[in-house]
1. Under the classification rounded if a/c is under 1.5, otherwise prolate if a/b is larger than b/c and oblate if not, where does segment 1-115 fall, given a ≥ b ≥ c as square roots of the Cα gyration tensor eigenvalues?
2. If you project the alpha carbons of segment 9-71 onto the principal axes, what extent comes out on each, in Å, largest first?
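What follows is calculated from the coordinates using simple rules that are stated; it is not laboratory data. Computed from a prediction, not measured in an experiment: that's the story for all the values here.
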Amino acid sequence: MKADIQIQAIGPPQRDLLITMYDRFDPLGAALGLPPRTAEARHNWIGSALGQIVNVAAFSPAGEVVGHCFLAADKPGSAEMAVFVRQESRRRGIGAALLKKALEWGWAAGLGRVWAVTAYDNGAALRLLMSRGFRLVQSASAVVELDIDLPVPWAAREMLQPLRDLSFGGHGEDVPGCTIGPDSPRRTLSSAGKTALGISPDEQPRWG
Ligand SMILES: CC(C)(COP(=O)(O)OP(=O)(O)OC[C@H]1O[C@@H](n2cnc3c(N)ncnc32)[C@H](O)[C@@H]1OP(=O)(O)O)[C@@H](O)C(=O)NCCC(=O)NCCS
């Protein structure tokens, strides 16, 4: 990744920067319905994402957000991951850098497992996840679930145990704003329920 891209933790104060990134995102809706296609749904989704346990963004030298990764806790010690990089900034290592930082901070926040759902033909996401240690859990209806245990070896080498004591706003059901609501529990793919990110495996994937 180019040295002029900065990876930083973000939260609600960066909502407008994220809206700017996602309003120009292409293609919308391609990642199992995400980012949402309508502005209202997209902006609500961004607000919800910023309330989750870990949010990291990649900033350009001009201060624009060009990539975003977040972890949404579904139960204590476990969270779903999503990562998005602006179309003109892809294939430069930004997605990998975002994922690495999100997993490091997820572990520091007490997570032991991170999982993701993607379409079976999303080569970019699958390559990114599997090359960073995610393994296949199950696949059904053209969607694939992958997961990884934390800490991952490459993160553990760089992290210090005391970092686990840092506060990242809490995790799991203990902290308001970080809880996955009862209307969006994690279910297995075969149950066709929405995932923690609001992804419905029933939605027809439309990959760019
Ligand atoms: C998936 C996504 C985040 C990858 O971001 P990125 O910044 O381009 O990824 P990176 O440059 O860090 O590349 C990471 C790895 O994926 C590979 N990769 C990236 N894009 C790829 C593509 N289109 N086809 C095949 N491999 C690809 C890279 O070669 C690299 O592998 P390597 O490290 O083994 O060489 C980006 O394509 C994206 O935003 N896609 C749309 C949203 C989406 O599908 N998100 C996933 C939801 S879980």
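1. Judged from the Cα gyration tensor, segment 1-115 comes out oblate (a/c at least 1.5, b/c at or above a/b).
2. 27, 25, 17
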